[in-house]
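What follows is a short report on a single structure.
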Amino acid sequence: MSSPAVVLVTGSSRGLGRGVAEALAAAGYSVAIHYASNRAAAEEAAAACRALATDPGQQFAIVGGNVGVAADRERIFSETLSQLVRLDALVNNAGIAPRERADLTEATEEIFDEVIGVNLKGPYFLSQLAARHWLSQPGASRLATGYKLIFISSLSANTASINRGEYCISKAGLAMATQLWAVRLAAEGIQVMELRPGIMATDMTSGVKGKYDRLLSEGLVPQMRWGTPGDVGLAVQSILAGQFPFSTGDAINIDGGFHLRRL
């Protein structure tokens, strides 16, 4: 029997990424769990994945580094291959919010560069590493419908927040990165998709929980609830399972209907 397919999920030591890793563990995949600085959190995520695993052949490797730094990206990628031997899918989830929220007239270049580096430049060029590797091994994916490249963006890809412009720009850039890689890789049998989460219950939003509890109760989101890491995990699981066979370059909203125009 062949060993399970391998998925690298960036930023999977916590938040949405951990939700994705746990969903994939429960579905029988091996997962490379990536962290930027908190190895202890990554070890906790790996332990949770092992508890959910359904196949004795599953493995859960831990890889660290800043996806915004070229040398770290190379190491993340090479350590994934050295520990898990192969790569069948990449889920670009790692992202940061600006250290300080500031009006567009006050925002600094330093924070802009930091956010763009991690949220946009990092996944763009990590995807390049994955694409080169896959193109050198055509048809070798253990996923039934071929290699998969997934970008986790945000409702901020098309929703303006003037006190975190750099974050919105980074997510809008990911939306275009999805389309670019989809066009480049479609003929090679590699599917590229964007998942666009809405208001999600993670540590990134814990500081504004009260504000969004009120807005949700007032109907900001038609389904009137927070999204969860598990919601994103199920979406990734569906894509890897080949349940969107005639789609590529598309954005799937996971936002409880937030994106719908209403009167």
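The values are calculated or read from the model by the stated rules, or taken from the named source; none is laboratory data. Remember, it's a predicted structure, so these values are computed and weren't measured experimentally. Neighbour counts are summed over all protein chains in view; Cβ atoms, including those assigned to glycine, are modelled from backbone coordinates with ideal geometry.
Table for the structure above
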| read-out | value |
| --- | --- |
| Leu240 vs. criteria surrounded by 16 or more Cβ atoms within 10 Å (Cβ to Cβ) and modelled with pLDDT of 95 or more | yes |
| Residue list for region 222-263, filter: aliphatic (A, V, I, L, M) and assigned to a loop (DSSP other than H, G, I, E, B) | Met224, Ala241, Leu260, Leu263 |
| Considering residues of region 1-10 that are in contact with a strand residue (DSSP E or B) (Cβ under 6 Å, 6 or more places away or on another chain) and either part of a loop (DSSP other than H, G, I, E, B) or free of Cβ contacts under 8 Å to residues at least 12 places away in the same chain (or both) only, the residue farthest from Leu126 (Cα to Cα) | Pro4 |
| Looking only at region 162-221, and only at residues there that are assigned to a loop (DSSP other than H, G, I, E, B) and within 18 Å of the chain's Cα centre (by Cα), the one that is nearest to Ala97 (Cα to Cα) | Met204 |
| Residue in region 141-161 that is nearest to Thr205 (Cα to Cα), counting only those that are hydroxyl-bearing (Ser, Thr, Tyr) and not in a helix (DSSP H, G or I) | Ser154 |
| Residue within region 20-39 that is assigned to a helix (DSSP H, G or I), within 23 Å of Leu155 (Cα to Cα), in contact with a helix residue (DSSP H, G or I) (Cβ under 8 Å, 6 or more places away or on another chain) and small (Gly, Ala, Ser) present | yes |
| For Asn66: the one exception among (1) within 25 Å of Ile239 (Cβ to Cβ); (2) of a type outside the set (Phe, Trp, Tyr); (3) in a loop (DSSP other than H, G, I, E, B) | (1) |
| Pairs, first of a type in the set (D, E, K, R) in region 212-231, second part of a strand (DSSP E or B), C-beta under 7 Å, six or more apart | Asp231/Ile254 |
| From Ala61, Ala140, Ala144, residue being surrounded by 15 or more Cβ atoms within 10 Å (Cβ to Cβ) and of a type in the set (A, V, I, L, M) | Ala61 |
| All positions within region 23-54 that are closer than 17 Å to Asp88 by Cα and either buried (at least 24 other Cβ atoms within 10 Å of the Cβ) or charged (D, E, K, R) (or both) | Ala23, Leu24, Ala25, Tyr29, Ser30, Val31, Ala32, Ile33, His34 |
| Where Gly146 falls short, out of the listed (1) within 19 Å of the chain's Cα centre (by Cα); (2) within 22 Å of Asn66 (Cα to Cα); (3) in contact (Cβ under 8 Å) with a residue 40 or more places away in the chain | (2) |
| Residues located in region 110-130, provided they are of a type in the set (A, V, I, L, M), out of contact with any helix residue (DSSP H, G or I) (no Cβ under 6 Å at 6 or more places or on another chain) and under 19 Å from Ala89 (Cα atoms) | Ala130 |
| Residues of region 21-50 classified as more than 17 Å from Ile96 (Cβ to Cβ), in contact (Cβ under 8 Å) with a residue 24 or more places away in the chain and of a type in the set (A, V, I, L, M, F, W, C), total | 12 |
| Every residue from region 84-109 that is assigned to a loop (DSSP other than H, G, I, E, B), of a type in the set (Val, Ile, Thr) and either buried (at least 19 other Cβ atoms within 10 Å of the Cβ) or touching a helix residue (DSSP H, G or I) at 6+ places or on another chain (Cβ under 6 Å) (or both) | Ile96 |
